[in-house]
1. Exactly one of (1) within 15 Å of the chain's Cα centre (by Cα); (2) buried (at least 16 other Cβ atoms within 10 Å of the Cβ); (3) modelled with pLDDT under 90 is unmet by PRO67. Its number?
2. Pairs please, first residue from the stretch 182-208 and in the same structural domain as ARG271 (by TED's automatic domain parsing) and away from ligand 1 (no atom under 13 Å from the Cβ), second anywhere and open to solvent by 50 Å² or more (accessible area, probe 1.4 Å) and at pLDDT 85 or above, Cβ atoms under 6 Å, 6+ apart in sequence or on different chains.
3. Quick one: GLY71 ticks every box in (1) out of contact with any Asp or Glu (no Cβ under 9 Å at 6 or more places or on another chain); (2) away from ligand 2 (no atom under 13 Å from the Cβ) bar one, so which box is it?
4. Which of the following residues is open to solvent by less than 10 Å² (accessible area, probe 1.4 Å) and at pLDDT below 90: LEU75, LEU106?
5. Among the residues of the stretch 317-335, are any closer than 30 Å to ALA172 by Cα and in contact with a Lys or Arg (Cβ under 8 Å, 6 or more places away or on another chain)?
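The values are calculated or read from the model by the stated rules, or taken from the named source; none is laboratory data. What you are looking at is a predicted structure, and each value in this text was computed from that prediction instead of being measured. In this analysis, Cβ positions are derived from the backbone assuming ideal geometry, glycine residues included, and neighbour counts consider all displayed protein chains. When the accessible area is computed, the model is the full protein with side chains, heavy atoms only, and any ligands, DNA or RNA have been set aside. Shrake-Rupley method; radii C 1.70, N 1.55, O 1.52, S 1.80 Å.
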Amino acid sequence: MAADPKGAADAGPRGADALVEAALGGDRRALARILTAVENRTSVAEIALRRMYPLAGRAHLVGITGPPGSGKSTLVSALIGAAREAGRAVGVVAVDPSSPITGGALLGDRVRMQHYATDRDVFIRSMAARGHAGGLASTSTAAAAVLDAAGFDLILLETVGTGQSEVEVAAAADTTVVLEAPEMGDEVQAIKAGLLEVADIVVVNKGDRPGAQRTASQLRAMLVATGRAGGGIRDGAAKPRPRPKEPEVLLTTATTGDGIPELLASLDRHRARGRDAGDTPARLARAEAQVWSILADRLRAELHAPANRDATDATMRKVAGHELDPFAAADELLRSTRHSG
Ligand SMILES: Nc1nc2c(ncn2[C@@H]2O[C@H](COP(=O)(O)OP(=O)(O)O)[C@@H](O)[C@H]2O)c(=O)[nH]1
Ligand SMILES: [Mg+2]
């Protein structure tokens, strides 16, 4: 296998098939190359996902989000340790929507996780944002499916910031963990309300800091006040996602491991509840993110194909000149794809 992971993008169909079989056989470098293809949305990714998607669906997908500095990466590292002790294989996808270049902001995290560099049942991957809106959720979901098919039992999706796209990525997991830390200031309070809406489990990290207990109590009160029990959230184009149970609020100290076994147990309980319910809302949200994203890619490719490109450009110019409204333009473009297809 070539050392250059970018080479995956140039592999032909036969190369792609061999890559997938190698990854399924436990070749971690092949797995890394497939994830690069997924990130770059190349044809290798399509070949790999067509083969691997049916093999996935067993792993527990856990989204971890929260304000920068709350301790997400430290917590992920602690969770890896606890899950490995329980004999589980752990995949991590660290999603960084702010960085156009893989790795940038996450380099520090990767160094921190070097502890696991020699453990073949731990696979850590960072991913940058690519493409259009919604692309991030579908790319993360596809990466998780690849790791799932490759046999990882627990897949952690760590998101870097607290923007809408990160929330969508985290909320597409089976279980969404929202991290907070004590005394993080007023701006964070504003973010909190939105973040709490997607939480299945709320973790107050830095339990060793003063005020941690109080922060936990405040969060519990907020969850009751916002009536999370009867509410629902929106996942992109999906229907409101029912939240039948108020999230647990747990205290952890990621740096020492305090509270981590309890968090793992809470994750398992949430997963079990989801299984009983058929996993429907989160899994449907993931399916939709992937299919809508592929549809958008296909439609864009078709409208930019040589046969349609000039007409597409002309339509766009008419909209720019206010000769045509954007809805009429969309109608026109959809009709043109039906005729050419
Ligand atoms: N005191 C204390 N510090 C922590 C704890 N967890 C993380 N930190 C520190 O908080 C800082 C930010 O942690 P990091 O995991 O990078 O946060 P992230 O930005 O959410 O990924 C680092 O200096 C960590 O060592 C904790 O439980 N207690
Ligand atoms: Mg981090």
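1. Checking PRO67 against (1) within 15 Å of the chain's Cα centre (by Cα); (2) buried (at least 16 other Cβ atoms within 10 Å of the Cβ); (3) modelled with pLDDT under 90, the one that fails is (1).
2. Pairs found: ILE201/GLU248.
3. The single condition GLY71 does not satisfy is (2).
4. Numbers: LEU75 fails: at pLDDT below 90.
From the options LEU75, LEU106, the qualifying one is LEU106.
5. No: zero hits.
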